[in-house]
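Report on one structure; see the data block that follows.
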Amino acid sequence: MENESIIEVQNLTKTFGKFTAVDNISFTVKKGEVFGLLGPNGAGKSTTLRMLSTLARPTKGTATIGGYDIVKHDTEVRKLIGIVSEKMIMYNRLTAKENLWFFGSLFNIPKDVLTKRVDELLELVQLTKWKNAQVGTFSTGMRQRMNVVRALLNMPRVLFLDEPTLGLDPQSSVEIREFIKKLNRENGTTVVITTHMMVDADLLCDRIAIVDQGKIVALDTSANLKKIISGADTKILNLNIANLTSELIETIRKLHCTDSVTQENSTTLKILVHGDEAFDSVIDAIRKKNGKISSMENLQPTLEDVFLHITGHQVRDSADQKIQNEKHGPFAQQQRRIR
Amino acid sequence: MSNMGAKTLLSHSLRIAWKDLMELFRNRLGLVLLIVMPLFMMVMVGFIYPSNGGGLSDMPVALVNEDAGFGNSVLPSQVFLMGLQQINDQTHMLVLSNASSMADVKDMVQRGELQGGIIIPSNFSSSIMNGEQGTLIIVTDQSNPQISATIQAALSAVFNEMGTMLAQQNVQMLSPTINATNSLAVVKPYNVQTEGVVLGTPSYFDFIAPGIMAMTVMMSVMTGLPVAISQEKEIGTMDGMMVAPINRLSIILGKTLGQTARGLIQGVIILALAVGLFGVTIQGSILLVFGLLLLGVFAFVGLGIVITSFTKDQETAQMLMMTLMFPMMFLSGVFFPIQQMPWYMQSISQVLPLTYASQALRKVMVLGAGIPAISTELIVLIVFGVVMIAIAVPVFRRAMTR
């Protein structure tokens, strides 16, 4: 029962012209699971989610949700799912209540049931007090709570969330995460979430698929993914060097034992190394260049390190860029594609 | 089953239309503009363009009297001046001033102080007294053809009137037994009397009000629809509707209903403004007027949907609409009669649906026409609407699931 799958994805592919956004991916999501798609922007997470939620048509491959084909039985699929998009799906000039009422009324829910459900959902996210205020006046945190409960109007068996914590302050992020967990625990809702935030993936997901350039490069639980690093005899060092220079960084990078070097700030380096004599070689090299090591720490691997280890580049690189550009949606996707 | 389907389709469409109208009514500035936009359009075209040919008045024109007289008499030029004064007092077409010479007048026209001049040459009185034609010279401002033409026309009317008066006097002098009426018949044997289809003289507002109504209502579906839909795509709310288990058609139908309601509201506003502020009268049935507006919307919906399907964002939608709307506005006889245009332009306007919509509306509002009189227009609009919708529905379905 526990292992019964609710989503089955087979060779799903989506191309835009010559660009392949999602490249022949296959996976299954078990009933009641929180499943994460982790990767940088442009990795194809959102496109995958859009295909699964019937908003985009696959170029090749198939997927079923609750046994229904996402293309042939899209209406049946839509009854089973809820989607929390990266963009806030709500009308600013309507009140919180009117918004929920409008979207709910599209699901053929009997009027009295819907009225009750709207009130319950507003209570659930502590927005009852503001139910008659236009959502245009809401704070980002309030809006995101609205955005999430909107997806719950039809009591979906599968909830898709596309970057639910993007642009939120830490406290609001925590609230949203707690809410998703509660939903999963209490209602048994299956959750599929895309994110580039390691915290989200680490704290929420039962299993994580690491996505890069349209492909799933690793799929496992967070703990097992981290074992990829420990198993590979790789260590993570956090080095604090008072007189850090770019020359010094280059020297470390060129060492045989070094997998990658990341500069965290003006004096701190994070390096991935392998081999038994890795520590010695790094320290020797720094001393030779008169570097002063003020502290050195052996870190536990994070998902970020796993990503770096597997793909050879960082998640954050492109993710940060996205927030700066403030470009969202299909138009932005186009631009990214061109680039 | 299909009855059920149609019912839910309609119910979803109504929800979407309700939502769109709610948004519209909450947008205060938008509401104000809904009234201001047609008002501006009425005021501008109504007052800028001359109604019944007599739009221009108080044009500064200088008079140069070089008449040397005949013997000691300067009678003919004085008669002319008095006549001119008399007619101008009635029409206020000109503001007359005196100038010293033709060169002076030309100079002032160049500087923009005058719009024209009238010169009475030195031999004016002597020519007339000698039984020859008296010649007058009109100086015109060629940089402004319209004013120049109006001055010429106005002065010609004055000369004509005066010529008639003089001829009448001459006839009476030759045959003292003849009375004034008969002498006029001798001089001017033909007279023209105008008889319209309806009572009264329609103003330019009567001409443009139906056109503007037709245009505004159609614009609301043609621009409103693509803009409303691409806006929802951009802010993301379209996804919210698309993941609901509803027929795709209810989205477009709902949007259309919302925009139609908006267009009709605007149509009513224009009608109220036209009747209340500009004295437009409706000769035909007001129900038929609304029926025609709805038919116009129907004719344009398909086109609106096709455009919606091809535009990805609001900006493109708006630009495309502008490109299409402008020629439509000017070629469909909304502001100017089609008959004024050269034949090739006329043939373009023959294929534009707005031409038929505004023509039918004008016939009903100004001429009090009934359905039989506008059957051609009705057929054209229905056929155009059906064909466009037949094209639009599959195109829209495809565009929605990319």
Item checked: Only listed residue being on the phi < 0 side of the Ramachandran plot, under 16 Å from the mean Cα position of the chain (by Cα) and either surrounded by 22 or more Cβ atoms within 10 Å (Cβ to Cβ) or among the hydroxyl-bearing types (S, T, Y) (or both), chosen from A:T20, A:T64, A:T13, A:T48 -> A:T48
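Checking the structure you have, find out if any residue of segment A:195-215 is over 30 Å from A:I6 (Cβ atoms), of a type outside the set (D, E, K, R), outside any strand (DSSP E or B) and at pLDDT below 85. Steps first, please.
Taking segment A:195-215 and keeping what is over 30 Å from A:I6 (Cβ atoms), we get none.
Within segment A:195-215, not a single residue is over 30 Å from A:I6 (Cβ atoms), of a type outside the set (D, E, K, R), outside any strand (DSSP E or B) and at pLDDT below 85.
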Margin query: Of all residues being of a type in the set (V, I, T) and within 25 Å of A:A56 (Cα to Cα) in segment A:81-101, which is farthest from the other protein chains (Cβ to nearest Cβ)? Just the residue, please.
Written below: A:V84
Checklist line | Yes/no for B:Q168 being out of contact with any strand residue (DSSP E or B) (no Cβ under 6 Å at 6 or more places or on another chain) and touching a residue at least 60 places away in the same chain (Cβ under 8 Å) | finding: no
Next item on the list: Filter segment A:124-150 for residues that are among the aliphatic types (A, V, I, L, M) and assigned to a helix (DSSP H, G or I) and give the result.
Entry: A:L124, A:V135, A:M142, A:M146, A:V148, A:V149
Check: Just checking, which of B:G117, B:G131, B:G196 is on the phi > 0 side of the Ramachandran plot and not assigned by TED's automatic domain parsing to the domain that holds B:L34?
Finding: B:G131
Margin query: With the structure loaded, tell me whether B:V186 is away from every other protein chain (no Cβ under 14 Å), in contact (Cβ under 8 Å) with a residue 24 or more places away in the chain, assigned to a helix (DSSP H, G or I) and not polar (S, T, N, Q) or whether it fails that test.
Written below: no
Check: How do the pairs read when you match residues in segment A:259-270 that are free of Cβ contacts under 8 Å to residues at least 24 places away in the same chain with residues anywhere that are open to solvent by 40 Å² or more (accessible area, probe 1.4 Å), using Cβ under 6 Å and keeping only pairs 6 or more apart or on different chains?
Finding: A:V261/A:R253
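Got a sec? Which of B:L292, B:L253, B:L225 is in contact (Cβ under 8 Å) with a residue 60 or more places away in the chain, within 14 Å of another protein chain (Cβ to nearest Cβ) and either open to solvent by 10 Å² or more (accessible area, probe 1.4 Å) or within 28 Å of B:M44 (Cβ to Cβ) (or both)? If you could, list the steps in order and put the result at the bottom.
Details: B:L292 fails: within 14 Å of another protein chain (Cβ to nearest Cβ); B:L225 fails: within 14 Å of another protein chain (Cβ to nearest Cβ).
Among B:L292, B:L253, B:L225, only B:L253 is in contact (Cβ under 8 Å) with a residue 60 or more places away in the chain, within 14 Å of another protein chain (Cβ to nearest Cβ) and either open to solvent by 10 Å² or more (accessible area, probe 1.4 Å) or within 28 Å of B:M44 (Cβ to Cβ) (or both).
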Checklist line | Residue within segment A:175-183 that is open to solvent by less than 20 Å² (accessible area, probe 1.4 Å), without any contact (Cβ under 8 Å) to a residue 40 or more places away in the chain, within 9 Å of another protein chain (Cβ to nearest Cβ) and in contact with a helix residue (DSSP H, G or I) (Cβ under 9 Å, 6 or more places away or on another chain) present | finding: no
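Would you mind stating whether A:L244 is among the aliphatic types (A, V, I, L, M), open to solvent by less than 70 Å² (accessible area, probe 1.4 Å) and either part of a strand (DSSP E or B) or touching an Asp or Glu at 6+ places or on another chain (Cβ under 7 Å) (or both)?
On the way: among the aliphatic types (A, V, I, L, M): yes; open to solvent by less than 70 Å² (accessible area, probe 1.4 Å): yes; either part of a strand (DSSP E or B) or touching an Asp or Glu at 6+ places or on another chain (Cβ under 7 Å) (or both): no.
Considered against the rule, which asks whether it is among the aliphatic types (A, V, I, L, M), open to solvent by less than 70 Å² (accessible area, probe 1.4 Å) and either part of a strand (DSSP E or B) or touching an Asp or Glu at 6+ places or on another chain (Cβ under 7 Å) (or both), A:L244 comes out as no.
Taking the residues in segment B:167-180 that are under 28 Å from B:M93 (Cβ atoms) and at pLDDT 75 or above as candidates, determine which candidate is farthest from the chain's Cα centre (by Cα). Before you say what the answer is, go through the steps one by one.
Initially, segment B:167-180 is screened for residues under 28 Å from B:M93 (Cβ atoms), giving B:167-170, B:180.
Adding the requirement that they be at pLDDT 75 or above leaves B:167-170.
Values: B:A167: 40, B:Q168: 41, B:Q169: 43, B:N170: 45 Å.
The residue in question is B:N170.
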Notebook entry, point to check: For segment A:102-128, what are the residues that are surrounded by fewer than 21 Cβ atoms within 10 Å (Cβ to Cβ), within 14 Å of chain B (Cβ to nearest Cβ) and on the phi < 0 side of the Ramachandran plot?
Noted result: A:F107, A:I109, A:P110, A:K111, A:L114
Check: Is it fair to say A:R78 is in contact with a helix residue (DSSP H, G or I) (Cβ under 9 Å, 6 or more places away or on another chain), away from every other protein chain (no Cβ under 11 Å) and among the basic types (K, R)?
Finding: no
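Name the helices (runs of 4 or more DSSP H) wholly within segment B:303-402 that hold at least 2 residues that are away from chain A (no Cβ under 14 Å) and either acidic (D, E) or exposed (fewer than 14 other Cβ atoms within 10 Å of the Cβ) (or both)?
On the way: elements: B:314-331, B:343-349, B:353-367, B:375-400.
Qualifying helices (runs of 4 or more DSSP H): B:314-331, B:343-349, B:375-400.
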Margin query: Looking at A:G44 and the list (1) within 11 Å of another protein chain (Cβ to nearest Cβ); (2) under 17 Å from A:T194 (Cα atoms), which single condition is not satisfied?
Written below: (1)
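The values are calculated or read from the model by the stated rules, or taken from the named source; none is laboratory data. Just so it is clear, the model here is predicted, and its values are computed rather than measured. In this analysis, Cβ positions are derived from the backbone assuming ideal geometry, glycine residues included, and neighbour counts consider all displayed protein chains. Note: areas computed on protein heavy atoms with side chains; ligands, DNA, RNA excluded. Shrake-Rupley method; radii C 1.70, N 1.55, O 1.52, S 1.80 Å.
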